[in-house]
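**Q** Let me give you the structure first, and then I'll get to my questions.
Values quoted throughout were computed directly from the atomic coordinates according to the rules given, and no laboratory measurement underlies them. What you see is a predicted model; the values in this text were computed from it and never measured. Here the Cβ positions follow ideal geometry from the backbone for every residue, glycine too, while neighbour counts run over all protein chains shown.
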Amino acid sequence: MLLQLAIATDLRESVDQFRDVDYARYLSLLLPAFTKILRESPPVFDPAEQDQQKLRHMLLEIIQRLPHNESLRSWADGIMSLMLWLLRVENEDNGVVCIKIIIDHNRTFKEEVESHVKTFLELVKEMYGNLRAVVKQAFGIEGELPSTPSTSEDNAKVRRPSLKSFKVLTECPIAVVLVFQTWRQIVFPYIKDYFPLVMEVRRAPPLRCLGDRILADGDHDSRAPSSA
């Protein structure tokens, strides 16, 4: 494990240099190895298992930082499949990185990720559906959501699953707005499902501040110029 961590650390620090070497060959060596580790080793929810969590998080950070060019395009479909699978099993800290990777790939490799759009929207809908139960479990019926995302104190506790995480859900509006703008015909049937869920978040007192934050983040991204 320590050797894997050391190698992953070196790779993360040098990832920007990949574009200057035989990038396609590096991808053919690294991505299958990363995929094998992320799929075959268990996700980490126990805060005592620091080394395994660091390794998984670091591998995801490397994938997030990979230069986006034609060499990576051929891997985009597989990366999206991996990220969507990980969102179902990972803890929230790693889930946030998965969402960011999904956003980046939706911006850069539109044709390659189109087949995953519906799966992603179903995942986000499931997160919204879980939200009320998560709030009740974490804060009680009268509980109020924190004004900021999880703190270091939260991280000292058992990590939440991605699909039941405020931290992951607050990353989703940017991705959802991007998907809605890019594939209007595909996502149109989902609008009728999303609208009631977001309105429920806004109406329920324990959820209102999170609902406002979710909508505000989505609205801000819809106005921002695309980086593509």
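**Q** When the residues of the range 1-53 are narrowed to those that are assigned to a helix (DSSP H, G or I) and of a type in the set (Ser, Thr, Tyr), which ends up farthest from residue 69 (Cα to Cα)?
**A** Only one residue tops the list, namely 9.
**Q** Ok, one more. Does residue 130 fit the bill of being under 19 Å from residue 169 (Cα atoms), of a type in the set (S, T, N, Q) and surrounded by 20 or more Cβ atoms within 10 Å (Cβ to Cβ)?
**A** no
**Q** Condition first: within 18 Å of residue 37 (Cα to Cα) and of a type in the set (A, V, I, L, M, F, W, C). Now tell me which residues in the range 64-75 satisfy that.
**A** 66, 75
**Q** In the set 45, 34, 18, which member is surrounded by 13 or more Cβ atoms within 10 Å (Cβ to Cβ) and touching a strand residue (DSSP E or B) at 6+ places or on another chain (Cβ under 6 Å)?
**A** Checking each option against the conditions leaves just 45.
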